[in-house]
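Structure record follows, encoded as C-alpha coordinates.
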Amino acid sequence: MASLTVTAAEKKRHELQKKLKERQGDDVPTLTSEDITALTSERLNQIKSEEARLEKKGPWDENTKSFKGAIGDDSVKATPIKLCKAANMETEGSMNNAEKAKLAAMVGNAHAQSMKAYSNQEGVTTTITETSTNAQTTLVFNACCDSKYTLESYVAKIFVQNCENVEITLAPSSKVLTETVEVHRCVSTNLVMKSRVSTLQIDQSSDCKLNFEKVENFGNPSMIRKGREFGKDGRVVWAGCENLNVIIGEDKVTADFETEKATDATCNEERTQFKVSYDSLGVIRSEKVVRLRNGFPSTKREDDEHDRREEEALQGLAERMGVTLNRKEENVGKKCKPNELCHCGSGKKFKKCCGSN
(Lines give C-alpha, C1' and ligand atoms only; values in the text may rest on other atoms or scores of the structure.)
Protein backbone atom coordinates (compact mmCIF):
# COMPACT_ATOMS: atom_id res chain seq x y z
CA MET A 1 0.00 0.00 0.00
CA ALA A 2 1.24 3.49 -0.81
CA SER A 3 2.44 5.87 1.92
CA LEU A 4 -0.13 8.21 3.56
CA THR A 5 2.40 11.04 3.93
CA VAL A 6 3.48 13.58 1.37
CA THR A 7 6.12 12.05 -0.87
CA ALA A 8 9.48 13.62 -1.63
CA ALA A 9 8.39 14.10 -5.23
CA GLU A 10 5.38 16.18 -4.16
CA LYS A 11 7.56 18.35 -1.92
CA LYS A 12 10.07 18.80 -4.72
CA ARG A 13 7.32 19.74 -7.16
CA HIS A 14 5.94 22.34 -4.75
CA GLU A 15 9.42 23.82 -4.23
CA LEU A 16 9.98 24.08 -7.98
CA GLN A 17 6.61 25.77 -8.44
CA LYS A 18 7.55 28.21 -5.67
CA LYS A 19 10.88 29.07 -7.32
CA LEU A 20 9.15 29.57 -10.68
CA LYS A 21 6.60 31.96 -9.24
CA GLU A 22 9.30 33.85 -7.30
CA ARG A 23 11.10 34.45 -10.57
CA GLN A 24 7.84 35.77 -11.99
CA GLY A 25 7.43 38.07 -8.98
CA ASP A 26 4.59 36.21 -7.27
CA ASP A 27 4.48 35.73 -3.54
CA VAL A 28 3.94 32.01 -2.95
CA PRO A 29 3.23 30.80 0.58
CA THR A 30 5.26 27.92 2.00
CA LEU A 31 3.85 24.40 2.35
CA THR A 32 1.83 24.59 5.57
CA SER A 33 0.60 21.74 7.77
CA GLU A 34 -2.92 22.22 6.37
CA ASP A 35 -1.55 21.68 2.84
CA ILE A 36 0.19 18.49 3.94
CA THR A 37 -3.02 17.23 5.58
CA ALA A 38 -5.04 17.95 2.43
CA LEU A 39 -2.58 16.11 0.22
CA THR A 40 -2.51 13.16 2.61
CA SER A 41 -6.32 12.94 2.66
CA GLU A 42 -6.46 13.03 -1.14
CA ARG A 43 -3.97 10.16 -1.40
CA LEU A 44 -5.91 8.14 1.20
CA ASN A 45 -9.17 8.59 -0.73
CA GLN A 46 -7.49 7.39 -3.92
CA ILE A 47 -6.26 4.22 -2.23
CA LYS A 48 -9.66 3.48 -0.69
CA SER A 49 -11.36 3.91 -4.08
CA GLU A 50 -8.95 1.44 -5.70
CA GLU A 51 -9.50 -1.13 -2.94
CA ALA A 52 -13.28 -0.81 -3.29
CA ARG A 53 -13.05 -1.29 -7.03
CA LEU A 54 -11.02 -4.48 -6.64
CA GLU A 55 -13.43 -5.87 -4.01
CA LYS A 56 -16.34 -5.51 -6.45
CA LYS A 57 -14.68 -7.79 -9.01
CA GLY A 58 -15.83 -11.39 -9.00
CA PRO A 59 -14.17 -14.61 -10.23
CA TRP A 60 -12.50 -15.01 -13.62
CA ASP A 61 -14.91 -15.66 -16.50
CA GLU A 62 -13.42 -18.06 -19.08
CA ASN A 63 -16.01 -17.12 -21.70
CA THR A 64 -15.44 -13.35 -21.70
CA LYS A 65 -11.79 -13.57 -20.56
CA SER A 66 -12.54 -10.99 -17.84
CA PHE A 67 -13.50 -10.69 -14.14
CA LYS A 68 -17.19 -11.16 -13.37
CA GLY A 69 -18.85 -8.31 -11.49
CA ALA A 70 -20.16 -8.84 -7.98
CA ILE A 71 -23.68 -10.28 -7.70
CA GLY A 72 -26.30 -7.51 -7.70
CA ASP A 73 -23.79 -4.83 -8.65
CA ASP A 74 -24.30 -3.39 -12.13
CA SER A 75 -22.17 -0.28 -11.56
CA VAL A 76 -18.87 -2.06 -12.23
CA LYS A 77 -18.38 -3.50 -15.70
CA ALA A 78 -14.89 -4.88 -16.18
CA THR A 79 -13.27 -4.45 -19.57
CA PRO A 80 -12.55 -7.85 -21.18
CA ILE A 81 -8.87 -8.65 -21.54
CA LYS A 82 -8.00 -9.75 -25.06
CA LEU A 83 -5.41 -12.51 -24.82
CA CYS A 84 -4.74 -13.03 -28.54
CA LYS A 85 -6.46 -13.09 -31.88
CA ALA A 86 -8.35 -16.39 -31.97
CA ALA A 87 -8.38 -18.26 -35.24
CA ASN A 88 -11.61 -19.55 -36.71
CA MET A 89 -11.12 -23.27 -36.03
CA GLU A 90 -13.21 -25.89 -37.82
CA THR A 91 -12.72 -29.51 -36.79
CA GLU A 92 -13.66 -32.89 -38.16
CA GLY A 93 -13.43 -35.70 -35.64
CA SER A 94 -13.22 -35.49 -31.86
CA MET A 95 -11.17 -32.82 -30.11
CA ASN A 96 -11.59 -31.49 -26.57
CA ASN A 97 -10.84 -27.95 -25.42
CA ALA A 98 -7.40 -28.86 -24.09
CA GLU A 99 -6.41 -30.33 -27.46
CA LYS A 100 -7.75 -27.25 -29.26
CA ALA A 101 -5.71 -24.94 -27.02
CA LYS A 102 -2.57 -27.01 -27.51
CA LEU A 103 -3.12 -27.12 -31.25
CA ALA A 104 -3.68 -23.37 -31.42
CA ALA A 105 -0.44 -22.78 -29.53
CA MET A 106 1.46 -25.08 -31.88
CA VAL A 107 0.37 -23.34 -35.08
CA GLY A 108 0.51 -19.86 -33.56
CA ASN A 109 -3.10 -18.81 -34.04
CA ALA A 110 -2.25 -15.18 -33.28
CA HIS A 111 -1.40 -14.94 -37.00
CA ALA A 112 -3.74 -17.55 -38.46
CA GLN A 113 -6.89 -16.44 -40.29
CA SER A 114 -8.62 -19.82 -40.10
CA MET A 115 -7.82 -23.41 -39.23
CA LYS A 116 -9.15 -26.70 -40.53
CA ALA A 117 -8.31 -29.66 -38.29
CA TYR A 118 -8.80 -33.38 -38.86
CA SER A 119 -8.43 -34.99 -35.45
CA ASN A 120 -8.70 -38.53 -34.02
CA GLN A 121 -10.09 -39.99 -37.24
CA GLU A 122 -9.62 -43.66 -38.06
CA GLY A 123 -10.15 -45.54 -41.30
CA VAL A 124 -11.41 -42.59 -43.36
CA THR A 125 -10.72 -41.53 -46.96
CA THR A 126 -11.27 -37.82 -47.56
CA THR A 127 -10.77 -35.38 -50.42
CA ILE A 128 -10.24 -31.81 -49.24
CA THR A 129 -11.62 -29.28 -51.73
CA GLU A 130 -12.09 -25.51 -51.89
CA THR A 131 -15.45 -25.84 -50.12
CA SER A 132 -13.65 -26.53 -46.84
CA THR A 133 -10.34 -24.62 -47.18
CA ASN A 134 -8.99 -21.45 -48.77
CA ALA A 135 -5.70 -19.61 -49.13
CA GLN A 136 -5.85 -18.37 -45.51
CA THR A 137 -6.49 -21.80 -43.99
CA THR A 138 -3.93 -23.63 -41.89
CA LEU A 139 -4.53 -27.35 -42.42
CA VAL A 140 -3.88 -29.65 -39.44
CA PHE A 141 -3.91 -33.45 -39.14
CA ASN A 142 -3.84 -34.54 -35.50
CA ALA A 143 -3.81 -38.09 -34.05
CA CYS A 144 -5.33 -39.73 -37.14
CA CYS A 145 -4.90 -43.43 -37.89
CA ASP A 146 -5.26 -45.70 -40.95
CA SER A 147 -6.60 -42.87 -43.11
CA LYS A 148 -6.02 -41.28 -46.51
CA TYR A 149 -6.37 -37.58 -47.33
CA THR A 150 -6.08 -35.83 -50.69
CA LEU A 151 -5.72 -32.04 -50.87
CA GLU A 152 -7.07 -30.42 -54.05
CA SER A 153 -7.36 -26.78 -52.92
CA TYR A 154 -5.23 -23.90 -51.66
CA VAL A 155 -4.02 -23.70 -48.04
CA ALA A 156 -1.54 -21.51 -46.20
CA LYS A 157 0.41 -24.19 -44.34
CA ILE A 158 0.17 -27.85 -43.29
CA PHE A 159 0.82 -29.42 -39.86
CA VAL A 160 0.84 -33.18 -39.24
CA GLN A 161 1.32 -34.59 -35.74
CA ASN A 162 0.82 -37.83 -33.80
CA CYS A 163 -0.51 -39.68 -36.86
CA GLU A 164 0.00 -43.37 -37.64
CA ASN A 165 -0.34 -45.19 -40.96
CA VAL A 166 -1.71 -42.09 -42.70
CA GLU A 167 -1.21 -41.05 -46.32
CA ILE A 168 -1.52 -37.38 -47.31
CA THR A 169 -1.40 -36.45 -51.00
CA LEU A 170 -1.01 -32.94 -52.37
CA ALA A 171 -2.74 -33.10 -55.76
CA PRO A 172 -1.40 -31.12 -58.76
CA SER A 173 -4.33 -28.70 -58.38
CA SER A 174 -3.39 -27.95 -54.76
CA LYS A 175 -1.03 -25.26 -53.55
CA VAL A 176 0.59 -24.56 -50.19
CA LEU A 177 1.16 -20.79 -50.32
CA THR A 178 4.05 -20.79 -47.83
CA GLU A 179 5.39 -23.99 -49.42
CA THR A 180 5.96 -25.29 -45.89
CA VAL A 181 4.90 -28.58 -44.29
CA GLU A 182 5.68 -29.63 -40.70
CA VAL A 183 5.49 -33.21 -39.40
CA HIS A 184 5.91 -34.12 -35.73
CA ARG A 185 5.90 -37.47 -33.90
CA CYS A 186 4.36 -39.60 -36.65
CA VAL A 187 4.69 -43.31 -37.42
CA SER A 188 4.44 -44.92 -40.89
CA THR A 189 3.10 -41.70 -42.40
CA ASN A 190 3.50 -41.08 -46.13
CA LEU A 191 3.40 -37.66 -47.80
CA VAL A 192 3.08 -37.50 -51.58
CA MET A 193 3.89 -34.09 -53.05
CA LYS A 194 2.46 -33.54 -56.55
CA SER A 195 2.66 -29.76 -56.09
CA ARG A 196 5.60 -27.65 -54.97
CA VAL A 197 6.90 -27.70 -51.38
CA SER A 198 10.15 -25.85 -50.60
CA THR A 199 10.61 -26.68 -46.92
CA LEU A 200 9.48 -29.84 -45.17
CA GLN A 201 10.39 -30.25 -41.50
CA ILE A 202 9.95 -33.60 -39.77
CA ASP A 203 10.87 -34.39 -36.15
CA GLN A 204 10.76 -37.43 -33.86
CA SER A 205 9.13 -39.70 -36.45
CA SER A 206 9.80 -43.25 -37.63
CA ASP A 207 9.23 -45.29 -40.81
CA CYS A 208 7.93 -42.27 -42.74
CA LYS A 209 8.17 -41.62 -46.47
CA LEU A 210 8.36 -38.24 -48.20
CA ASN A 211 7.74 -38.63 -51.93
CA PHE A 212 8.21 -35.65 -54.25
CA GLU A 213 6.74 -36.97 -57.50
CA LYS A 214 8.87 -34.66 -59.67
CA VAL A 215 12.08 -32.75 -59.10
CA GLU A 216 10.16 -29.59 -60.02
CA ASN A 217 8.04 -30.07 -56.89
CA PHE A 218 11.11 -29.79 -54.65
CA GLY A 219 11.84 -26.13 -54.15
CA ASN A 220 11.64 -22.75 -55.82
CA PRO A 221 12.29 -22.64 -59.59
CA SER A 222 13.37 -18.98 -59.42
CA MET A 223 16.86 -20.18 -58.42
CA ILE A 224 17.48 -20.96 -62.09
CA ARG A 225 18.49 -17.30 -62.42
CA LYS A 226 21.45 -17.95 -60.15
CA GLY A 227 22.77 -20.83 -62.19
CA ARG A 228 21.05 -23.55 -60.19
CA GLU A 229 19.11 -26.37 -61.84
CA PHE A 230 15.35 -25.88 -61.98
CA GLY A 231 13.51 -26.95 -58.83
CA LYS A 232 16.49 -28.28 -56.87
CA ASP A 233 16.82 -25.70 -54.10
CA GLY A 234 14.29 -27.27 -51.70
CA ARG A 235 15.18 -28.86 -48.38
CA VAL A 236 13.94 -31.45 -45.92
CA VAL A 237 15.01 -30.63 -42.36
CA TRP A 238 14.77 -33.55 -39.94
CA ALA A 239 15.70 -34.36 -36.35
CA GLY A 240 15.50 -37.57 -34.33
CA CYS A 241 13.93 -39.66 -37.13
CA GLU A 242 14.31 -43.37 -37.79
CA ASN A 243 14.18 -44.92 -41.26
CA LEU A 244 13.11 -41.73 -43.03
CA ASN A 245 12.88 -42.25 -46.79
CA VAL A 246 13.06 -39.15 -48.98
CA ILE A 247 12.28 -39.67 -52.67
CA ILE A 248 12.69 -36.80 -55.15
CA GLY A 249 11.87 -37.87 -58.68
CA GLU A 250 14.27 -40.73 -59.34
CA ASP A 251 16.63 -39.79 -56.49
CA LYS A 252 16.35 -41.38 -53.07
CA VAL A 253 18.08 -41.03 -49.71
CA THR A 254 17.44 -42.75 -46.37
CA ALA A 255 18.02 -40.79 -43.17
CA ASP A 256 18.37 -42.37 -39.74
CA PHE A 257 19.46 -40.80 -36.46
CA GLU A 258 21.18 -43.90 -35.08
CA THR A 259 23.29 -44.11 -38.24
CA GLU A 260 24.34 -40.47 -37.90
CA LYS A 261 25.07 -40.85 -34.19
CA ALA A 262 27.39 -43.79 -34.88
CA THR A 263 29.70 -41.46 -36.82
CA ASP A 264 29.17 -38.30 -34.73
CA ALA A 265 28.90 -38.69 -30.96
CA THR A 266 27.88 -35.04 -30.52
CA CYS A 267 24.46 -35.63 -32.13
CA ASN A 268 21.45 -35.05 -29.89
CA GLU A 269 18.14 -36.69 -30.75
CA GLU A 270 16.04 -33.61 -30.00
CA ARG A 271 18.35 -30.71 -30.85
CA THR A 272 20.59 -31.82 -33.71
CA GLN A 273 19.12 -31.13 -37.13
CA PHE A 274 20.01 -32.56 -40.52
CA LYS A 275 19.18 -31.30 -43.99
CA VAL A 276 18.39 -33.26 -47.14
CA SER A 277 19.17 -31.18 -50.23
CA TYR A 278 21.04 -31.14 -53.54
CA ASP A 279 24.66 -30.00 -53.73
CA SER A 280 26.19 -27.94 -56.55
CA LEU A 281 26.84 -31.13 -58.55
CA GLY A 282 23.20 -32.21 -58.38
CA VAL A 283 23.80 -35.00 -55.85
CA ILE A 284 21.24 -35.44 -53.08
CA ARG A 285 22.75 -35.47 -49.58
CA SER A 286 21.72 -35.67 -45.94
CA GLU A 287 24.04 -33.41 -43.90
CA LYS A 288 24.26 -32.12 -40.36
CA VAL A 289 23.11 -28.54 -39.86
CA VAL A 290 25.67 -26.24 -38.25
CA ARG A 291 25.36 -22.63 -37.12
CA LEU A 292 27.63 -20.11 -38.77
CA ARG A 293 29.27 -17.25 -36.90
CA ASN A 294 26.27 -15.02 -37.62
CA GLY A 295 23.80 -17.70 -36.42
CA PHE A 296 22.65 -18.67 -39.92
CA PRO A 297 21.85 -22.41 -40.26
CA SER A 298 23.92 -24.13 -42.93
CA THR A 299 26.08 -27.22 -43.49
CA LYS A 300 29.85 -27.55 -43.41
CA ARG A 301 29.92 -28.32 -47.14
CA GLU A 302 27.89 -25.20 -47.97
CA ASP A 303 30.07 -23.06 -45.70
CA ASP A 304 33.28 -24.35 -47.32
CA GLU A 305 31.80 -23.83 -50.79
CA HIS A 306 30.85 -20.25 -49.89
CA ASP A 307 34.36 -19.52 -48.58
CA ARG A 308 35.90 -21.03 -51.73
CA ARG A 309 33.77 -18.85 -54.02
CA GLU A 310 34.58 -15.74 -52.01
CA GLU A 311 38.31 -16.44 -52.10
CA GLU A 312 38.19 -17.16 -55.82
CA ALA A 313 36.37 -13.90 -56.48
CA LEU A 314 38.85 -11.99 -54.31
CA GLN A 315 41.85 -13.51 -56.09
CA GLY A 316 40.33 -12.59 -59.46
CA LEU A 317 39.82 -9.01 -58.30
CA ALA A 318 43.40 -8.83 -57.03
CA GLU A 319 44.78 -10.05 -60.37
CA ARG A 320 42.78 -7.43 -62.28
CA MET A 321 44.06 -4.71 -59.94
CA GLY A 322 47.65 -5.97 -60.09
CA VAL A 323 48.04 -6.53 -56.35
CA THR A 324 49.21 -9.55 -54.36
CA LEU A 325 47.15 -10.91 -51.50
CA ASN A 326 48.75 -12.49 -48.46
CA ARG A 327 48.26 -16.22 -48.25
CA LYS A 328 45.97 -17.64 -45.61
CA GLU A 329 47.72 -18.71 -42.45
CA GLU A 330 46.60 -22.34 -42.85
CA ASN A 331 48.13 -22.42 -46.34
CA VAL A 332 51.55 -21.25 -45.16
CA GLY A 333 53.94 -24.14 -44.52
CA LYS A 334 57.16 -24.24 -42.55
CA LYS A 335 60.03 -22.07 -43.73
CA CYS A 336 62.64 -23.86 -45.88
CA LYS A 337 66.35 -23.07 -45.70
CA PRO A 338 68.06 -22.26 -49.02
CA ASN A 339 70.08 -25.48 -49.22
CA GLU A 340 67.27 -27.83 -48.10
CA LEU A 341 65.38 -29.96 -50.56
CA CYS A 342 62.38 -28.16 -51.97
CA HIS A 343 59.05 -29.13 -50.46
CA CYS A 344 57.49 -29.52 -53.91
CA GLY A 345 59.27 -32.86 -54.40
CA SER A 346 61.41 -31.88 -57.39
CA GLY A 347 64.63 -33.10 -55.71
CA LYS A 348 66.31 -29.72 -56.20
CA LYS A 349 67.49 -27.39 -53.51
CA PHE A 350 64.93 -24.84 -52.39
CA LYS A 351 67.07 -21.90 -53.61
CA LYS A 352 67.25 -23.46 -57.08
CA CYS A 353 63.55 -24.33 -57.23
CA CYS A 354 60.60 -22.56 -55.60
CA GLY A 355 62.90 -20.25 -53.65
CA SER A 356 64.30 -18.71 -56.82
CA ASN A 357 61.09 -16.77 -57.53
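The values are calculated or read from the model by the stated rules, or taken from the named source; none is laboratory data. Quantities reported herein were computed from a predicted structural model and do not represent experimental measurements. Heads up, the Cβs are rebuilt from the backbone with ideal geometry, glycines too, and the neighbour counts pull from every protein chain shown.
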### Query
Inside the stretch 119-182, counting only strands (runs of 3 or more DSSP E) that do not spill past its ends, which hold 2 or more residues that are hydroxyl-bearing (Ser, Thr, Tyr) and in contact (Cβ under 8 Å) with a residue 24 or more places away in the chain?
125-128, 137-142, 145-151
## Note on the structure
Considering the stretch 229-271, residues that are out of contact with any strand residue (DSSP E or B) (no Cβ under 6 Å at 6 or more places or on another chain) and among the β-branched types (Val, Ile, Thr), and then whichever is surrounded by the most Cβ atoms within 10 Å (Cβ to Cβ), we arrive at 259
### Boolean, residue 120 is assigned by TED's automatic domain parsing to the domain that holds residue 205, closer than 13 Å to residue 166 by Cβ and not aromatic (Phe, Trp, Tyr)
yes
### Query
residue 266 is checked against (1) closer than 25 Å to residue 197 by Cβ; (2) free of Cβ contacts under 8 Å to residues at least 40 places away in the same chain and fails just one. What number does that condition carry?
(1)
### Summary
Taking the stretch 270-280 and keeping residues more than 14 Å from residue 233 (Cβ to Cβ) and either in contact with a Leu (Cβ under 8 Å, 6 or more places away or on another chain) or part of a loop (DSSP other than H, G, I, E, B) (or both) leaves 270, 271, 272, 273
### Query
Mind checking whether some residue in the stretch 81-97 is at pLDDT below 70 and crowded, with 16+ Cβ neighbours inside 10 Å?
yes
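Yes or no, residue by residue, for (1) modelled with pLDDT under 70; (2) aliphatic (A, V, I, L, M):
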{"site": "28", "(1), (2)": "yes, yes"}
{"site": "39", "(1), (2)": "no, yes"}
{"site": "55", "(1), (2)": "yes, no"}
{"site": "61", "(1), (2)": "yes, no"}
